């Protein structure tokens, strides 16, 4: 223990080393604070939904109560959905930074509503927001390089290595102590701020432990790489340049090239194309005989087939029917798009076994529930809610039941359990 304390003192007496450790700790704190602030902002936006929704529905109810028309209620009423951040989301914001976490939907065609927001450029989103995952994956290796590139070569160039190797507890034991001290300090600069923030956010103990182990494992990879370069016997400056080049290749170049290769190998259309295709079907429906539209709708929804026939006047059940037909017409495209995204995601996760930077980021976003899987799960919840919403309004439209002010309170709400 005395020798470890001695090594600690020697390291901290080196101003550049002490400054590097302090800087890494400050960057960790800043990233965690930024992530927590973003999560607070998102939670505040979600918490403001009920008041805003009550105001909007009140205005719609004032209008609909004049005609008691369920179609007007369905057309003008927006219903909020949201994806609340997990306790660990502050550490790795992932897709929450580029995909909507609040979406207001109507009982009209859903696919266009979902994919209207699918306009971000995934290539530009590669590095991600400045959060803890960014500091760990992109920044921390640079500090490992700074503290380990001259661990032996610096002593050799100063003419002290032979003397240190000849000491009673020198040689391999000395280098292991120095490695352990540097590893512990770098790990503490990352882990201690994270652990404090995680406890404040109420993260489960197991998730905290997994992240702490993940930090250590990622640092050990870069330390092992530095040790491998040291064994080549080069000068300190050459070691630093080699490790910096390795960082550039392993953290930036290869992940970017692999991302481009995966995107080319797994062809996926943009979600905006699905929205456009759905809208084209909906727009063409105005020129299609209304009975053809209703026959197509009743074929897939026979429970409403005994609805009174359409007259010559406009009826919202026809309008909502061709919106439903529009959704069903793009269903194969939606399935293909989702399957393509999942194949890309699986390929990226497999890449994580080869590139630690990719693997660490993927594991952090999975633990934080901010990856593609979480985003697709949110879309599934939106679709399930929208199905309930349509059934609710169809119950009025296809039976010509009047829609009163009190009926707005009977509309399903996002997050409610499915009725038995």
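The values are calculated or read from the model by the stated rules, or taken from the named source; none is laboratory data. Computed from a predicted structure; not experimentally measured. Counting neighbours? That spans all protein chains shown, and the Cβs are built from the backbone with ideal geometry, glycine included.
A quick yes/no check of all residues on (1) within 26 Å of the chain's Cα centre (by Cα); (2) modelled with pLDDT of 95 or more; (3) in a helix (DSSP H, G or I):
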site	(1), (2), (3)
336	yes, no, yes
348	yes, no, yes
378	yes, yes, yes
420	no, no, no
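As a summary of the residue check, residue 68 satisfies the conditions (1) within 25 Å of residue 384 (Cβ to Cβ); (2) surrounded by 13 or more Cβ atoms within 10 Å (Cβ to Cβ) except for the one numbered (1). Looking at the range 363-385, is at least one residue buried (at least 22 other Cβ atoms within 10 Å of the Cβ), over 30 Å from residue 259 (Cβ atoms), assigned by TED's automatic domain parsing to the domain that holds residue 348 and in contact with a helix residue (DSSP H, G or I) (Cβ under 7 Å, 6 or more places away or on another chain)? The answer is no, given that none of the residues of the range 363-385 is buried (at least 22 other Cβ atoms within 10 Å of the Cβ), over 30 Å from residue 259 (Cβ atoms), assigned by TED's automatic domain parsing to the domain that holds residue 348 and in contact with a helix residue (DSSP H, G or I) (Cβ under 7 Å, 6 or more places away or on another chain). In the range 88-104, is there at least one residue being buried (at least 18 other Cβ atoms within 10 Å of the Cβ) and over 24 Å from residue 378 (Cα atoms)? Checking the range 88-104: not a single residue is buried (at least 18 other Cβ atoms within 10 Å of the Cβ) and over 24 Å from residue 378 (Cα atoms). Only one of the numbered conditions (1) surrounded by 13 or more Cβ atoms within 10 Å (Cβ to Cβ); (2) closer than 22 Å to residue 190 by Cα is not met by residue 248, and that is (1). Are any of the residues in the range 378-396 free of Cβ contacts under 8 Å to residues at least 60 places away in the same chain and closer than 30 Å to residue 205 by Cβ? Looking for residues that are free of Cβ contacts under 8 Å to residues at least 60 places away in the same chain and closer than 30 Å to residue 205 by Cβ, one finds at least one in the range 378-396, hence yes. When restricted to residues that are free of Cβ contacts under 8 Å to residues at least 60 places away in the same chain, within 25 Å of residue 87 (Cα to Cα) and not in a helix (DSSP H, G or I), the range 350-376 contains 1.
For the range 276-316, residues that are under 18 Å from residue 326 (Cβ atoms) and within 42 Å of the chain's Cα centre (by Cα) total 25.
If you go through the range 312-356 and keep only what is under 24 Å from residue 256 (Cβ atoms) and buried (at least 16 other Cβ atoms within 10 Å of the Cβ), you end up with 337, 341, 344, 345, 347, 348, 349, 351, 352, 355, 356. Against the condition more than 27 Å from the chain's Cα centre (by Cα), surrounded by 13 or more Cβ atoms within 10 Å (Cβ to Cβ) and not assigned by TED's automatic domain parsing to the domain that holds residue 140, how does residue 390 come out, does it pass? For residue 390, the condition - more than 27 Å from the chain's Cα centre (by Cα), surrounded by 13 or more Cβ atoms within 10 Å (Cβ to Cβ) and not assigned by TED's automatic domain parsing to the domain that holds residue 140 - is met.
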